[in-house]
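Notes follow once the structure below has been shown.
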Ligand code: GRF
């Protein structure tokens with residue numbers, strides 16, 4: 001299975017996926033890493049000699065134009081699966097329509113709880129005693145797609161957004177790696193997902 005990973009930031013989840021895929025027995029290969037900005041996470045792709053592309057959001061007139069360029073880049077690589085791993089950008093409908101359900105996203109909350117760009121902060125603000133990590137199929141909404149995997153993560157009284165996110169990310173990475181493995185082995189058929 002060939003995989004394209006899209007990021008915006010540090011790419012720690014990307015790094016975990018790259019490390020897993022470096023094992024020859026892992027049934028998926030990361031073929032390209034893309035970002036909507038100059039993402040620190042590109043360093044992880046370079047470490048593994050994996051090509052990268054950047055479609056800088058701020059250089060486009062509209063989200064739709066940005067999306068069209070993203071589609072053009074993805075068409076170059078023709079991956080079997082696109083993984084959003086810390087892409088902090090809502091995809092335009094044209095991208096979701098072209099790639100779903102071979103388009104999955106990781107989210108640092110127990111969806112449908114705390115969707116959106118600040119799931120960790122929102123869980124803390126709500127006084128939640130537990131939150132979680134989720135891997136979903138991207139649909140036209142914000143973190144509303146079918147849930148492929150999720151797991152609870154405790155919130156501790158002294159947690160900050162940073163300490164809580166740091167507790168969530170390892171769970172997120174494990175879930176993501178397992179979902180990619182299951183898609184690659186055919187154990188999980190995304191086209192059969194409603
Ligand atoms: C991850 O928790 C991801 O789910 C969220 O932002 C974080 C990105 O972290 N959207 P990183 O860039 O993988 O370190």
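Read-outs: derived from the displayed coordinates by stated rules, not from any lab. This is a predicted model, so every value here is computed, not measured. Cβ placement follows ideal geometry from the backbone for every residue including glycine, while neighbour counts extend to all protein chains displayed.
With Cα atoms defining each centre, region 76-101 and region 9-60 are spaced 14 Å apart in the structure. The long axis of helix 161-185 is offset from the longest Cα principal axis of the chain by roughly 50 degrees. Over the C-alpha trace of region 43-158, radius of gyration and Dmax come out as 15.9, 47 angstrom. Direction-averaged projected area, Cα convex hull, region 141-194: 4.8 nm², rounded to one decimal.
Of the residues 8, 25, 62, 134, the one with the fewest other Cβ atoms within 10 Å heads the list, and the complete ranking is 25, 62, 8, 134. Just to confirm the number: angle between the C-alpha axis of helix 63-77 and the first principal axis of the chain, 0 to 90 degrees, nearest 10? In the chain, helix 63-77 runs at an angle near 60 degrees to the longest axis. Note on the chain: helix-only mean residue ellipticity at 222 nm, from DSSP H runs of 4+ residues weighted -39500 (n - 2.57) and normalised by residue number, equals -11000 deg cm²/dmol. The Cα-based radius of gyration and maximum Cα-Cα distance (Dmax) for the chain are 15.9, 47 Å.
Reported value for region 95-194: 87 Å³ per residue, from the convex hull of its C-alpha atoms.
Compare the peptides 83-89, 159-165, 103-109 by average per-residue count of other Cβ atoms within 10 angstrom and give them in order, highest first.
103-109, 83-89, 159-165
Helix 12-21 and the long axis of the chain differ in direction by around 60°, with both axes built from C-alpha atoms.
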